[in-house]
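Chemist: Before I ask anything, here is the structure I am working with.
The values are calculated or read from the model by the stated rules, or taken from the named source; none is laboratory data. Being a predicted model, the structure only gives us computed values, none of them experimental. We place every Cβ from the backbone using ideal geometry, glycine too, and count neighbours over all the protein chains shown. The area values use the complete protein model at the heavy-atom level, side chains included, leaving out ligands, DNA and RNA. Shrake-Rupley method; radii C 1.70, N 1.55, O 1.52, S 1.80 Å.
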Amino acid sequence: MSSVYIHIPYCHHKCTYCDFHFSVQKRSLNTILDAIIKEIDDRREYLDSKKLESIYFGGGTPSILSIKQLETIFKQLSSIYNWDKNAEITIECNPEDLNKEYVQGLKELGFNRISLGIQSLNDTVLQWMGRHHTVEQSLKSIELLQKMKIDNFSIDLIFGLPFYDSEYLLKDLKYLVNKFHPRHISAYQLTIEPKTKLHHLVQKKNLIPASDEKVAKEFLLIQEYLTKNGYIHYEVSNYAQEGFYSKHNSAYWLQKKYIGIGPSAHSYNGKERRWNIANNYIYAKNVLSGKTYSDKEDLSTKQLYNEYVYTRLRTIYGCDLKEIEHFFGKKLKEDFLRNYENYKEYFIVNNQNYCLIPNKGYLIADKIAVDFFV
Ligand SMILES: C[S@@+](CC[C@H](N)C(=O)[O-])C[C@H]1O[C@@H](n2cnc3c(N)ncnc32)[C@H](O)[C@@H]1O
């Protein structure tokens, strides 16, 4: 089984923290859609299995697209791939884009999972983030999803803000959980990315990022609350009720094959990693005129091993010694065990499966993974 990711590279506005690939100029939207339709066809041989386990529309802001535009993409996908009712079909939506007709249209197209960019339950924070929705709109959008029987929705939140008190953050989280019981919650630590407004403010010394202590405290507050309230911390930034792990993101973390369509999208077919040009104009021009629009790297065993360790240590799936030996050889298995000795106290080992302990292990998962790299 495989997965498809479609990148919709437009947003209504620029958020102060975001460095994903998008444009707020929508003049080229129809040309980009033509290119996406053509890319789906051009690359029909990229994945050996045409049976899909998940389809994910990410961005940018996919909810910028009309139901008709989304339908055109679906038609093209279904001319090449097939999927059944168990496939997870997700769209990232901004709260302000949702209304009854739109959600009905999404349901009719087959979307069975909506990921909502809520980010915060405080209007001052939302403004500081450059968001163009209010807390009231957020709450209304969740109510709408529930009213329209979208059972599987996920909420994105950002923690580790420079000025928002941890106690308020926890209060917001409790409110969301008690009122809506979302199946899935992504809690992202705010990162200050180059070329963003926040980065600029930090460089000009007009903003001091949250201290490591505040970030760690909030990570643990969120974790303690959610794990005591029926959520499984299945990846560093992701929590879900039993049976509601994101199939699509899990496919990335379990090294399954996927194709990424659209500007900046990445693909992986077990041998190479490929990424499309992160420029709307050049992407569309090259796709439509039959020129190259992606770059690729053939992955060596060492690179594949490093990626395996990095992604698996951040998840509940952990590193499996049998898998390591099978895919990467005996020497890398021995290497893994040698490194493990230095970090034993952060691991839970179950049979041959090595997982980080979520509270203290996930907190430094990236540092540990880098020390395991070859
Ligand atoms: C690229 S956005 C797209 C979804 C949607 N357009 C939105 O803005 O809500 C995906 C998620 O990544 C998270 N994100 C993006 N940049 C981030 C950053 N610098 N730090 C923390 N989280 C970030 C946000 O929570 C966001 O909802």
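Chemist: Any idea of the accessible area per residue across the chain, 1.4 Å probe, to the nearest Å²?
Modeler: Per residue, the chain has 47 Å² of solvent-accessible surface.
Chemist: Sticking with the crude label model, points 7 Å out along Cα→Cβ, report the distance from Glu71 to Lys228 in nm, one decimal please.
Modeler: 4.9
Chemist: Here is the link list: Lys149/Lys214; Lys302/Lys322; Lys257/Lys322. Which ones come out longer than 27 Å on Cα distance?
Modeler: Violating the 27 Å Cα-Cα cut-off are Lys149/Lys214.
Chemist: GNM on the chain, C-alpha springs below 10 Å: top fluctuator among His132, His181, His200?
Modeler: Looking only at His132, His181, His200, the biggest GNM fluctuation is shown by His200.
Chemist: Something else about it: Roughly how many Å is it from the Cα centre of the range 148-192 to that of the range 265-280, as a whole number?
Modeler: If we compute the Cα centre of each part, the gap is 30 Å.
Chemist: Enter the accessible area of Arg312 (Å², nearest 10), with the probe set to 1.4 Å and all protein chains included.
Modeler: 20
Chemist: At 222 nm, what helix-only mean residue ellipticity would the chain give, in deg cm²/dmol to the nearest 500, using -39500 (n - 2.57) for each DSSP H run of four or more? Could the numbers behind the result be given before it?
Modeler: Numbers: 15 runs with 159 residues, N = 374.
Calculated from helices alone, the mean residue ellipticity at 222 nm is -12500 deg cm²/dmol.
Chemist: Work out, step by step, the length gained on full extension between Glu334 and Ser300: first 0.36 nm times the residue separation, then minus their alpha carbon distance; give nm to one decimal. The partial results should precede the final answer.
Modeler: Details: separation 34, 0.36 × 34 = 12.24 nm, distance 1.85 nm.
10.4 nm is the gain from fully extending Glu334 to Ser300.
Chemist: Return the whole-Å distance between the Cα centroid of the range 56-73 and the Cα centroid of the range 351-374.
Modeler: So the separation of the two Cα centres works out to 36 Å.
Chemist: With Rg and the Kirkwood Rh both taken from Cα atoms, where does Rg over Rh land for the range 2-253?
Modeler: Checking Rg against Rh, the ratio lands at 0.96.
Chemist: Which one, Asp335, Asp97, Asp34, has the greatest fluctuation when you compute a Gaussian network model over the chain with C-alpha springs under 10 angstrom?
Modeler: Asp335
Chemist: Ok, one more. By residue number, which cysteines of the chain lack any other Cys whose Cβ falls under 4.7 Å from their Cβ?
Modeler: Here Cys11, Cys93, Cys319, Cys355 come out as lacking a disulfide-compatible partner, given the Cβ-Cβ threshold of under 4.7 Å.
Chemist: A 19 angstrom limit on the alpha carbon distance is what I want to check against. Which of Lys174/Lys197; Lys26/Lys68; Lys256/Lys333; Lys147/Lys174; Lys50/Lys285 exceed it?
Modeler: Listed pairs above 19 Å: Lys174/Lys197; Lys256/Lys333; Lys147/Lys174; Lys50/Lys285.
Chemist: If I compute solvent accessible area with a 1.4 Å probe over the protein chains, what percent of it on the chain is carbon and sulfur?
Modeler: Working: 9000 of 17630 Å².
Roughly 51 percent, rounded to a whole number.
Chemist: As a test of reading the structure, rank Lys333, Lys14, Lys174 by solvent-accessible area (1.4 Å probe, protein chains only), most first. Numbers along the way, then the final one.
Modeler: On the way: Lys333 45, Lys14 130, Lys174 85 Å².
From most accessible down to least: Lys14, Lys174, Lys333.
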